[in-house]
1. Rounded to the nearest 20 Debye, what is the dipole magnitude of the chain about its Cα centre when Lys and Arg each give +1 and Asp and Glu each give -1 at the C-beta?
2. Run the simple label-point estimate for Asn235 and Val443 please: 7 Å along Cα→C-beta, distance reported in nm.
3. Can you tell me the order of 426-434, 361-369 when each peptide is scored by its average per-residue count of other Cβ atoms within 10 angstrom, highest first?
4. Taking only Cα atoms of the chain, what ratio of Rg to Rh do you get with Rh as the Kirkwood inverse-distance radius?
5. Using the Kirkwood radius over Cα pairs, work out the Stokes-Einstein diffusion coefficient for the range 236-341 at 20 °C and 1.002 mPa s, in µm²/s as a whole number.
6. What FRET efficiency comes out for Tyr172 versus Glu260 if R0 is 25 angstrom and r is the Cβ-Cβ distance? Round to the nearest 0.05.
7. In the chain, if the dipole is taken from +1 on Lys/Arg beta carbons and -1 on Asp/Glu beta carbons about the Cα centre, which of Ile389, Gln427, Gly145 is farthest to the positive end?
8. Which distance in nm do the two modelled labels at Ala283 and Asn298 give, with both placed 7 Å along the Cα-to-Cβ direction?
Amino acid sequence: MKQYDAIVIGAGQAGGPLAKKLALAGKKTALIEKRWIGGTCVNDGCTPTKTMVASAKMAYMAGHSGPLGVKIKNFSVDMPKIKKRKDEIVHLFRDGSQRGLEATGGLDVVFGEATFTGDKTISVMLKGSNKAREITAPLIFINTGAKTVIPAVEGLGDIDYLTSTTILDLDYVPEHLLIVGGNYIGLEFGQMFRRFGSKVTILERSGRIVSREDEDVSEELTKILEAEKITILTNVTTNGFKQKKGGKITANIKIGDKEEKIKCSHVLIAVGRSPQTAALNLAKTGVETDERGAIKTNDKLETNVPGIYALGDVKGGPAFTHISYNDYTIVYRNLVHNDNLSIKNRPVPYCMFTDPQLGAIGLNETEAKKQKINYKVAKLPMAYVARAIETGDTRGFMKAIVDPETKQILGATILGTEGGETMTILQMAMAGGITYEQIRWFVFAHPLYAESLNNLFMALET
């Protein structure tokens, strides 16, 4: 059994940089990856989807250029080229990261499946062989991420359904894409493939899409998507699927008390993701998980077993790339620089890359009501934003939750062009204790989307 100072399982946005930094700090480190360097973000998430979103945006702009005085006739979508571009960018990121890791002194990159065999002992079934390697270390970091949840629906296993991973391999436009799940993943793909030319129907179990957001956000986003002729059905129970050989798929659904059938060519399952812990055999080393299989950690990301840590989606909580990366920085600085950092009360910004973007930070209005805190709402339609009018896209609105006594910003949701960028300005204001009154009178360059933050907070003056 080979002894290391540290073992990192999973080369995602926490595991890869952590392994490299530990090795550079003088710790003999093994990085185990069962698939590809870069994790979900580079291979199945941010990088490929946002590359394809850019193509979909261009198709939308070409089809809606008339009001700006530009006539574009007979444009077409080249899916093989879109896929090729996506693959090239994924490989650029993945291969560059792998070369950097493999060139790092003191770091062994091992491709294979990791399984605990005892107290901090791991067996790695090497990729492409039937050989196993036994390793151990006093420090172990788990960054194995999450996978698509496949619901128990009758007939689903009999059809060639798509997931957020397999849909990326399509080099053609589906005739009719039926999406099960009306949240972030489903909405991004739904709008993307509608713009490529698919008919799109979205089925959502709850009463509205993106149900974690405020109701007015959900309503506005619904209007935006329906304006692009996307069909959104809510309060839906999906009962089963049937497919004749080589033929269309029939989905049996129930809306309230009414049963319906929907015929489609493709089905995308987007009901959520669950932590990838089953293959790790965590019981062998004593690491505790919750009922969903997520690894339990304290505020410093250490599990109940001293010396074993969990980072990123595998520990549950906010499933965002930037949170995974921040997990790495916290663990690394605590262990190597003797800092005393914690994930408690850290900001959790996020952005959904529909068009327009949905960017959010801090409390939304629904959460403020639940907490029974004193708050005010500042809201500004994008139709009142000069830059939005000039660029011809006034969809959405800006919204902020503030404390009327301290004048502090408690949270913000921006549904509009470059909503994530504008949200980040408010996040930095929150971190720096800048009040909404200061932003109201701040000097912004004209004409920017950010400039309209002046107007957003103007209504709070009375």
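The values are calculated or read from the model by the stated rules, or taken from the named source; none is laboratory data. Predicted model, so just to flag it, every value in this text is computed and none were measured. Reconstructed Cβ throughout: ideal geometry from the backbone, glycine too, with neighbour counts over all protein chains shown. Calculation scope for accessible area: heavy atoms of the full protein, side chains included, ligands and nucleic acids excluded. Shrake-Rupley method; radii C 1.70, N 1.55, O 1.52, S 1.80 Å.
1. Numbers: 58 positive and 51 negative charges, 198 e Å.
Around 960 debye, computed over the chain.
2. For the pair Asn235/Val443, the computed spacing is 5.5 nm.
3. Answer by packing, highest mean first, reads 361-369, 426-434.
4. Reported Rg/Rh (Cα atoms, Kirkwood Rh): 0.99.
5. For the chosen part, D equals 124 µm²/s.
6. Numbers: r = 27 Å, r/R0 = 1.10.
Plugging the Cβ-Cβ distance into 1/(1 + (r/R0)^6) gives 0.35.
7. Towards the positive end, the residue furthest out is Gly145.
8. Roughly 2.6 nm, to one decimal.
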